[in-house]
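The values are calculated or read from the model by the stated rules, or taken from the named source; none is laboratory data. Since we're looking at a predicted model, the values are computed, not measured. Please note: Cβ atoms are built from the backbone with ideal geometry, for glycine as well, and neighbour counts cover all protein chains shown. With ligands, DNA and RNA removed, areas are computed over all heavy atoms of the protein, side chains included. Shrake-Rupley method; radii C 1.70, N 1.55, O 1.52, S 1.80 Å.
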Amino acid sequence: MRRILVTSALPYPNGPVHLGHLFEHVQTDIWVRFQRMAGNECIYVCADDGHGTPTMLRAEQEGVSEEELIARVRAEHEEEFRRFHISHDNYYTTHSAENELFVTFMHERLTAQGHIFTKPIEQYFDPEKGLFLADRYIRGQCPRCGAEDQPGDNCDVCGATYDATDLKSPRSVFSDAEPVLRESVHYFVDLARSADFLNEWIKDHVQPEVANKLREWLSAGLKPWDISRDEPYFGFRIPGEDAKYFYVWMDAPVGYLASFKNWCEASGARFEDFWDPDSDCEVRHFIGKDIINFHCLFWPAVLSGSGFRTPTRIHTHGFITVDGVRMSKSRGTFISAGTYLEHLDPECLRYYFATKFTATMDDVDINLGDFVQRVNTDLVGKVVNIASRCASFLGKHFDSTLADSVHDEALWAATTQAREELAALYERGEVGRAMREVAALADRANQYIAEHEPWKRIKDPTHRDEVHGVCSLGINVFRALMVYLKPVLPAMVAKAEAFLQVESLVWDDAAAPLVGHRIGRFKPLFTRIDRKDVDKVVAATAAEAQARQPASAAAASEAPATIGIDDFLKVDLRVAKVVDAKHVPGADKLLELALDVGDGERRVFSGIRSAYDPASLIGRLTVVVANLAPRKMRFGTSEGMILAAAGANQDGGEDIFIVSPDAGAKPGMAVS
């Protein structure tokens, strides 16, 4: 028996559980439920990530203490996850005595090992609010395009990235005061000291594509990690300091240990069995790809440096979109758990998510039309249909008792032997493939029943035994499918277990058929989705967003931004020839292009990597904004921008097409 501790990333108490949280927690929960069915000990813990400036500010806005806020939100999150059948063994909070104990211990250990140092830094400070400002709390004029009211890290208009100190006319979002630079001594973890260890560790503990990304960062050199913040701040005070606190990303992953420790104290389990360096138990984290730097570099370095074991595996998934675009409150696709549950069965979403899960960190699109069709076709039309067709014949003609033998050995062999392949798919996280295999088995069973036409042959007494055998085998195939679907659909399978009159199904129950067994009266296990109910969820979400939006912001959102002809005439569009093109190390979306624009060669970085092989671009003509101010990027300076069209495709991805002039155009020609 394997002993496994599993975690999901910690939600932040800045709002309700939404589709993004559910995607990851359902993925984790399916893996956990499979392990338990297979006979392994699998403990699933999580927590709310309660610390940080946003928590402090929200509590202030609501007129409650931070403790009151995080306790209330934690209870809401726990209930929302429970209603989606997420089987946490413990759902805790990072604002706990256990977490403070572990963070303090790790800080002492890391300091003793020489992994932590201090140095002064300069940071913007709001003199009226009395608060050091993170980039997102500073607004000003973009240093590149001049756009007003831009945040302190990147421009929403032109896409430029910069330091907050580069903003023109910076203002604090809290007081509208002009921030001032103040020096403060911060604590840092020297990640570079762990580079050799991390280079070895990533070989066996992350997915290949994650390892490739981590190697790029390691090759570029790891920077020190800032783990402190100045007061006022909601968190744990750093030992020996009066006005400095551990940054939320220092204590957030430690919340995994704290939640597990809290569970151990209640259950009598031994914490050391799982977290000692020589432990033979497993620790697995499920996360999104946006936090791989925290979990695959910082976290293992901190654990190793402070004397704890490191994770066995970090399972990373991609981002999700809805109908081809990012989740949006105004479009009604930034859907909360509560709003969804007002209109739809949670297991519909669990199943649809399951069809999308892979072992990679590729992004996933949630297509609402496909959601309706997949649930109605697969679950109702295929799987449940088997039981509903066969149970009525068995009840009416055979006292609801199954035959004493298997009618079709080949069909049963195909069904029962699938459990090994399906177990391997669940183990690897290839749940989408497993769902396709289950649907194929259901198709085969329905075809078998249709070929034998029990509704016709029951009229002929000579075919009575055949009908009994066909319907009995149908029920046995259905039972096996319930085994295979139980990690995904625990509530539906519980109803099926009651109908079948069997104990709670485990994985090995698919190995042998039920013979001479009496089943119960069939009751509907699942109902079809009405697209109107999906539309109600979308409409309700959009209405909620509109209700929270100030009137001035709502009016502004309705009117698209416009420019005058004089502004447009300032843009100098020129024909350019691609002289060279190549990938940009360390960049997922960029290509580096050398362009002949008629007045010499320019270097331009363009986000078209997903659509074009660099070699295919060489020699092509395109159109470039020739008078765009140079933009300094991490990879170099971009001296223009090529024009391209982009949009969602029917597969949920994105199509990108560069703009090309007609044949005969020459580099440097003006485009009008």
> Roughly how tilted is helix 254-267, in degrees to the nearest 10 and between 0 and 90, from the longest Cα axis of the chain?
Replying inline: 40
> Based on the Kirkwood radius over alpha-carbon pairs, what value in µm²/s does the Stokes-Einstein equation return for the translational diffusion coefficient of segment 1-74 at 4 °C and 1.567 mPa s?
Replying inline: 93
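Working from the pairwise distances between different alpha carbons, so that the mean of 1/r is found and then inverted, what is segment 572-626's Kirkwood radius in Å?
Numbers: mean 1/r = 0.0892 Å⁻¹.
The answer is 11.2 Å.
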> For segment 52-144, what is the per residue volume of the convex hull drawn over the alpha-carbon atoms, in cubic angstrom?
Replying inline: 220
>> Give me, ordered by chain and number, the residues 5 or more places off Thr93 or on other chains with an amide H under 5 Å from its own placed amide H.
In response: Asp48
>> Please list Arg144, Arg350, Arg444, Arg436 from largest to smallest accessible area, probe radius 1.4 Å, with all protein chains kept in place.
In response: Arg436, Arg444, Arg144, Arg350
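Taking 0.36 nm per residue of separation and subtracting the Cα-Cα distance, what length does fully extending Glu108 through Thr161 add? Intermediate values should be presented prior to the final figure.
Values: separation 53, 0.36 × 53 = 19.08 nm, distance 3.62 nm.
The Glu108-Thr161 span can extend by a further 15.5 nm.
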> Carbon and sulfur together cover what percent of the accessible area of the chain at a 1.4 Å probe radius?
Replying inline: 48
> Can you give the alpha-carbon Rg of segment 82-220 over 2.2 N^0.38 Å, where N counts its residues?
Replying inline: 1.44
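Quick one: ranking Leu22, Leu514 by accessible area, 1.4 Å probe, largest first, what do you get?
Numbers: Leu22 0, Leu514 30 Å².
Ranked from most to least accessible, the order is Leu514, Leu22.
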> Per residue, how many Å² of accessible area does segment 271-424 show with a 1.4 Å probe?
Replying inline: 36
> Using +1 on the beta carbon of Lys and Arg, -1 on that of Asp and Glu, and nothing else charged, what's the dipole of the chain about the Cα centre, debye to 20?
Replying inline: 1380
> P(r) tail for segment 383-498, what percent of Cα pairs lie past 22 Å?
Replying inline: 33
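Give me the net charge of Val579's neighbourhood, meaning all other residues with Cβ under 9 Å from the Cβ of Val579; Lys, Arg count +1, Asp, Glu -1. Could the numbers behind the result be given before it?
On the way: positive: Lys577; negative: Asp580, Asp596, Glu601.
Residues near Val579 contribute -2 overall.
In debye to the nearest 20, how big a dipole does segment 597-643 give about its Cα centre with +1 on each Lys and Arg Cβ and -1 on each Asp and Glu Cβ?
Numbers: 7 positive and 4 negative charges, 47 e Å.
Around 220 debye, computed over segment 597-643.
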>> If I fit a long axis through the Cα atoms of helix 66-83 and take the longest principal axis of the Cα atoms of the chain, what angle between them do I get, 0 to 90°, rounded to 10?
In response: 40
> In degrees, nearest 10, range 0 to 90: what is the angle between the Cα axis of helix 531-548 and the longest Cα principal axis of the chain?
Replying inline: 30
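Local charge sum around Val537 (other residues, Cβ-Cβ under 14 Å, Lys/Arg +1, Asp/Glu -1)?
On the way: positive: Lys329, Arg331, Arg531, Lys532, Lys536; negative: Asp323, Glu342, Asp345, Asp530, Asp533, Asp535, Glu544.
Residues near Val537 contribute -2 overall.
Rounded to the nearest 20 Debye, what is the dipole magnitude of segment 274-414 about its Cα centre when Lys and Arg each give +1 and Asp and Glu each give -1 at the C-beta? Walk me through the numbers before you get to the answer.
Details: 13 positive and 18 negative charges, 105 e Å.
Once rounded to the nearest 20, the dipole reads 500 debye.
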> Of Tyr352, His407, Asn367, which is farthest on the positive side of the dipole of segment 342-412, counting Cα position, with +1 on Lys and Arg Cβ, -1 on Asp and Glu Cβ, and the Cα centre as origin?
Replying inline: His407
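Over segment 18-134, give the accessible area per residue in Å² for a 1.4 Å probe, as an integer.
Numbers: 4530 Å² over 117 residues.
Per-residue value: 39 Å².
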> Toward the positive end of the charge dipole of the chain, about the Cα centre and with charges on Cβ (Lys, Arg +1; Asp, Glu -1), which of Gly474, Thr622, Phe605 goes farthest?
Replying inline: Gly474
> Over the alpha carbons of segment 312-449, what is the largest minus smallest coordinate on each principal axis, giving the biggest first in Å?
Replying inline: 57, 38, 24
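Lys and Arg at +1, Asp and Glu at -1: add these up for the other residues within a Cβ distance under 10 Å of Ile70 and post the number. Intermediate values should be presented prior to the final figure.
Details: positive: Arg58, Arg72, Arg74; negative: Asp48, Asp49, Glu66, Glu67, Glu68.
That works out to -2.
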